[in-house]
Amino acid sequence: MKRIQAELIFLRALVGVNLASAMEYRASFISQIVGMFINNGIYFVFWIIFFNQFGTIRGYNVDEIFLLFAIVTLGYGLGFMFAGNTRQYMAYLVAQGRLDYYLVFPRNLLLHVIFSKMIVSTVGDVAFGLIAYSFTGRFTLVEIGLFLTTAVLAAIIFVGYSVITGSLAFYMGNAQYASQQMTNAMLTFALYPNSLFSGAARMMLYTVIPAAFVGSVPVDIVRNQDGRLLLLLVGAAILVWLIALFLFYYGLRRYESGSAINVNI
Amino acid sequence: MRDVVVHVNGLAKTFRVKQKAAGLRGSVRSLWHTEEKEVTAVSDITFSLEKGEMLAFIGPNGAGKSTTIKMLTGILYPSAGQASVLGYTPWKDRRKLGYHVGSVFGQKPQLWYHLPAEDTFRLFARIYELDMGEFQKRRDFLVESFQIADLLQTPVRKLSLGQRMKCEIAASLLHRPRIIFLDEPTIGLDVVAKQQIRDAIRYLNEQEQTTIFLTSHDAGDIESLCKRVVIINHGRLIYDNSTSALKRQYLRRKIIDVRFAEPLTAPFVLPCVETLKQGTYGVKLEFDGREIPVETVVQQIMAAQSCQDITIADPPLEEIIREIYKK
């Protein structure tokens, strides 16, 4: 218990320093948040125009697209708001031998790495996700509870998956590009209704790029209020993290450090 | 009883390094035909370090110094051998060891770049789980020792290299480490900043018996701080003795500066002595102590002409180290 408390105090301090560091440049801080909000909005408007034209698409109507966007953007935003290193830099830190900084401290290595970078623009994602949900018309307590729970699970899966892709650098060397592309692919595929895909492509969305677990599956859970599917989602989150922990800590034995000069936090 | 802080026995580290022929053709070929070479960074090194010792761990670039430090701080797993730091095996007990070890990598800052050093100090208090009252006292002591009171509120990016390094070292001492690994702490600093950092390190060592494990290419750091030198080259330990023994063993050559009362009218030449420089009133001479004793040289100088001043010096430590590296 004392251990967990110490870890939480440390993480709170780390997040505080992160936030302070991000706010050092006020204009950049605000423009990133607003920029991401507008970026999501453009995508969103595209779908509204599309559904006005065609009504439904393979079982999805415009309300469900709102819900899909709400869960994916809120999950993505919550996940990477404080876990920015996994989204952008983890493979780079590993390949460049820059984990040294974290390894000398008496803290949980993975948590320290994950929470050492904040992606400011994700505040825009979180705000967008909450506003998008207000368009879904699902305001019962159960629906709101399921929405928030699935968004948190999506966040956990997003971060876990990016730990997996980032850890590839232990095995492949320079995996930064591959890592970013895989996480980008997960986000992109998550924003489309799952029913659009079939066969191998659909299978891929449940395995190699588990976009279904951060998009379509949460949408099904909220709209059908499906407890069994919720348990499946919890299981998927646990499985993603077990793989992530194995790949990270097994890979750490292969870590080779490096002689690169300078790492600014 | 000896209080051994670091014990290293047969420690070794090898890396597998990808080999590729030069140019585009080599790159294309390496896509499906990868050749790897095993490179030995550290090979079978053994040494111990006692509490309160200040050890200079030196060697040329690529000798294996940083790799050794990284194994002793738990950053790297060794390929073979054992090491114990404060009773812990670094790569197995990384977190437990971390509470008692400080490290400063001169080329890898720990302070948050965009924030004042004070913010990183407070973060470190949380990282090392320090009591905030104790932290405040310790912080004040270090601020005084390193004379950094007026630097703490300035974003690190705005500090000079010397100012930043003082803050870096102070930060690494906040948790009262029993041993501190300093990897090139004075790299790129001017003479004043170097001296301030050396003074502060010496003060900490005297006050708290902190064991210092120093790597540096600066002979001044070694001479002014460390009583013992370990030299590593090509991954192998080639020298482990006191700094004074190193000087005695390798300082066969002496340098004599002479100032004469009268101007010199002819080239100043002595048997078995090399004249390095000659001016109107002075000469700089060098000789090998094994070939001719110091007193003989001095007698010959005084017999040749009336002297105002004579200074006998050892060549700089840098030259000795260079000589050892060449072997």
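I need the full set of residues from segment A:121-158 which are of a type in the set (S, T, N, Q), touching a Leu at 6+ places or on another chain (Cβ under 9 Å) and open to solvent by less than 40 Å² (accessible area, probe 1.4 Å), in order please.
Our first condition is that a residue be of a type in the set (S, T, N, Q); within segment A:121-158, this holds for A:121-122, A:134, A:136, A:140, A:149-150.
Those left that are additionally touching a Leu at 6+ places or on another chain (Cβ under 9 Å): A:122, A:136, A:149-150.
Residues satisfying the conditions are A:122, A:136, A:150.
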Failed criterion for residue B:323 (all others in (1) open to solvent by less than 80 Å² (accessible area, probe 1.4 Å); (2) assigned to a helix (DSSP H, G or I); (3) out of contact with any helix residue (DSSP H, G or I) (no Cβ under 8 Å at 6 or more places or on another chain) hold): (3)
Test: residue in segment A:30-41 that is within 14 Å of chain B (Cβ to nearest Cβ), of a type in the set (A, V, I, L, M, F, W, C) and open to solvent by less than 40 Å² (accessible area, probe 1.4 Å): no
Some residue of segment A:51-64 being within 22 Å of the chain's Cα centre (by Cα) and modelled with pLDDT under 90: yes
Inter-residue pairs, beta-carbon under 6 Å, first farther than 19 Å from residue B:296 by Cα and in segment B:259-282, second open to solvent by less than 80 Å² (accessible area, probe 1.4 Å) and basic (Lys, Arg), 6+ apart: B:277/B:284
Given (1) more than 7 Å from every other protein chain (Cβ to nearest Cβ); (2) open to solvent by 60 Å² or more (accessible area, probe 1.4 Å); (3) in contact (Cβ under 8 Å) with a residue 12 or more places away in the chain; (4) polar (S, T, N, Q), number of the condition residue B:107 does not satisfy: (1)
Residue check for residue A:18: within 30 Å of residue A:223 (Cβ to Cβ) and at pLDDT below 90: no
Residue within segment B:122-134 that is facing chain A (nearest Cβ under 7 Å) and touching a strand residue (DSSP E or B) at 6+ places or on another chain (Cβ under 6 Å) present: no
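Determine which member of the set A:184, A:174 is more than 16 Å from the chain's Cα centre (by Cα), open to solvent by 20 Å² or more (accessible area, probe 1.4 Å) and at negative phi. Talk me through it step by step, then tell me what you get.
On the way: A:184 fails: more than 16 Å from the chain's Cα centre (by Cα).
Result: A:174 is the single residue among A:184, A:174 that is more than 16 Å from the chain's Cα centre (by Cα), open to solvent by 20 Å² or more (accessible area, probe 1.4 Å) and at negative phi.
Take the residues in segment A:1-23 that are free of Cβ contacts under 8 Å to residues at least 24 places away in the same chain and open to solvent by less than 70 Å² (accessible area, probe 1.4 Å), then tell me which one is nearest to residue B:99 (Cα to Cα). Reasoning before the result, please.
Initial filter on segment A:1-23 (free of Cβ contacts under 8 Å to residues at least 24 places away in the same chain): A:1-6, A:8-9, A:12-13, A:16-17, A:20, A:23.
Narrowing the set further to residues that are open to solvent by less than 70 Å² (accessible area, probe 1.4 Å) leaves A:6, A:9, A:13, A:16-17, A:20.
Values: A:6: 13, A:9: 16, A:13: 18, A:16: 22, A:17: 21, A:20: 26 Å.
So, considering only residues that are free of Cβ contacts under 8 Å to residues at least 24 places away in the same chain and open to solvent by less than 70 Å² (accessible area, probe 1.4 Å), the one nearest to residue B:99 (Cα to Cα) is A:6.
What residue, of B:176, B:228, B:157, B:164, is over 30 Å from residue B:119 (Cβ atoms) and at pLDDT 90 or above?
B:228
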Output for segment B:74-102, where each listed residue is touching a helix residue (DSSP H, G or I) at 6+ places or on another chain (Cβ under 8 Å), within 7 Å of another protein chain (Cβ to nearest Cβ) and open to solvent by 10 Å² or more (accessible area, probe 1.4 Å): B:77, B:94
Residue B:239 being of a type in the set (Phe, Trp, Tyr) and in a strand (DSSP E or B): yes
Residue among A:74, A:93 that alone is more than 19 Å from residue A:126 (Cα to Cα) and at pLDDT 90 or above: A:93
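Yes/no matrix, rows are residues, columns are (1) surrounded by 15 or more Cβ atoms within 10 Å (Cβ to Cβ); (2) within 11 Å of another protein chain (Cβ to nearest Cβ); (3) touching a Phe, Trp or Tyr at 6+ places or on another chain (Cβ under 8 Å); (4) of a type in the set (Lys, Arg):
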position: B:19; (1), (2), (3), (4): no, no, no, no
position: B:33; (1), (2), (3), (4): no, no, no, no
position: B:58; (1), (2), (3), (4): yes, no, no, no
position: B:72; (1), (2), (3), (4): yes, yes, yes, no
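The values are calculated or read from the model by the stated rules, or taken from the named source; none is laboratory data. Small disclaimer: the values here were computed from a predicted structure and weren't measured. Every residue, glycine as well, gets a Cβ built from its backbone with ideal geometry; the counts of neighbours run over all protein chains shown. We work out accessible area using only protein heavy atoms, side chains counted, and drop any ligands, DNA or RNA first. Shrake-Rupley method; radii C 1.70, N 1.55, O 1.52, S 1.80 Å.
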